[in-house]
Structure formats: C-alpha cells, structure tokens
Amino acid sequence: MSGASASIRTWKALTLFRKSADAGFADAINDLGFLHFQGGLGITRDPKKAIEFFGKAADLRHPEAMFNYAALIDDGIVDGKQPDDAAEYLYRALRSGNEEVLGQLSDNPDMFKVSTRRSLQRKLAERSFYTGTIDGQFGPQTQRGLRQAYGLSE
C-alpha cells in the first residue's frame with residue numbers, strides 16, 4: 001500500500017469518526033477522545049480536547065468513556081470535578097453492565113485514589129449494595145457490592 005493510499009484511508013476514517021461523533025454516537029466520541037489523548041491517525045496529542053470528548057461520551061453513558069473520564073477526574077486533570085464526581089461516573093459505568101468496568105474495579109482498585117474509592121463505597125452504600133466501612137479498601141464486602149451493583153446476585 002502506498003503512502004498516498006494510507007493517507008486517504010486515514011482521512012476517510014477520521015471523516016467517518018467525526019461525522020459519527022457529530023451525529024451523537026458515543027462510541028465515535030469516545031474513540032476520538034482516545035485519539036486526542038494518545039495521538040494517532042494524524043491527530044496531534046491534545047489532552048484538553050480528549051477530556052472534552054471523554055466527558056461528552058460519558059454524559060451519553062458510554063461505559064468505557066465513563067470509566068476513562070472518572071480516571072481523568074481522579075488524576076486531577078478535569079477542572080471543577082472532585083472524587084465524588086469520579087465515583088459517580090464509576091458507579092454509572094458499573095451499572096451499565098460493562099464487564100470490563102467490573103473487571104478493572106475488581107482487579108485494579110488501587111488505580112484510583114483512596115478518596116475516589118471511598119466516594120464509590122458511599123455511592124454503593126447509598127444504593128444498598130454495600131454495608132461495610134467507608135475506608136477506600138476494596139476488600140470482600142466492597143467486591144461483593146461491586147458485583148451486586150453490576151447486576152450479579154450473591
């Protein structure tokens with residue numbers, strides 16, 4: 001494949017992503033967030049624009065975007081958002097029934113700061129999925145609460 005052919009295919013792919021995003025398709029909006037966050041397909045890395053795309057897709061309830069946006073909030077790079085906001089997006093992503101979200105929260109809870117994990121425990125407790133101590137530790141009770149919020153019965 002020649003360089004010109006690859007450039008045309010890349011341009012076409014970006015055009016389709018942008019048209020789909022403009023039409024409100026959360027998958028495309030989230031994918032554009034990734035492209036802007038990491039750089040790729042001729043898009044220069046632009047974390048600020050990535051945050052906008054992730055936020056928009058998260059507000060459209062795209063599970064991966066909600067998880068990604070929560071992680072960016074947790075990292076402190078989303079202006080005006082706090083650990084409670086990150087926890088709300090994590091909770092919504094979990095409730096979406098996305099297996100990847102459950103897996104990440106179960107297997108890698110330390111990827112989020114203790115303040116975000118405490119906020120998520122509070123959200124689980126408010127909705128009767130968790131009755132343990134609000135300590136930010138994802139032990140057996142929190143793990144059970146995560147699974148129940150996801151939709152698995154214990």
Charge dipole of the stretch 1-60 about the Cα centre (unit charges at C-beta), most positive-ward option of GLY40, ILE51, ASN30: GLY40
Estimated 222 nm signal from helices in the chain, with DSSP H stretches of n ≥ 4 weighted -39500 (n - 2.57), rounded to 500: -21500 deg cm²/dmol
Segments 10-23, 80-93 sorted - mean Cβ within 10 Å per residue, highest first: 80-93, 10-23
Label zone at LEU152 (point 7 Å along Cα-to-Cβ), backbone N below 16 Å, the stretch 82-113: 94-109
Cβ charges +1 (Lys, Arg) and -1 (Asp, Glu), total dipole of the stretch 47-95, debye: 220
Answer label for semi-axes √(5λ) of the Cα gyration tensor in Å (calculated), chosen among (1) 34, 15, 13; (2) 39, 21, 14; (3) 25, 17, 16: (1)
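Bear in mind these aren't lab numbers, they're just calculated from the coordinates by the rules spelled out. Please read all numbers here as calculations on a predicted model, not as lab measurements. Neighbour counts are summed over all protein chains in view; Cβ atoms, including those assigned to glycine, are modelled from backbone coordinates with ideal geometry.
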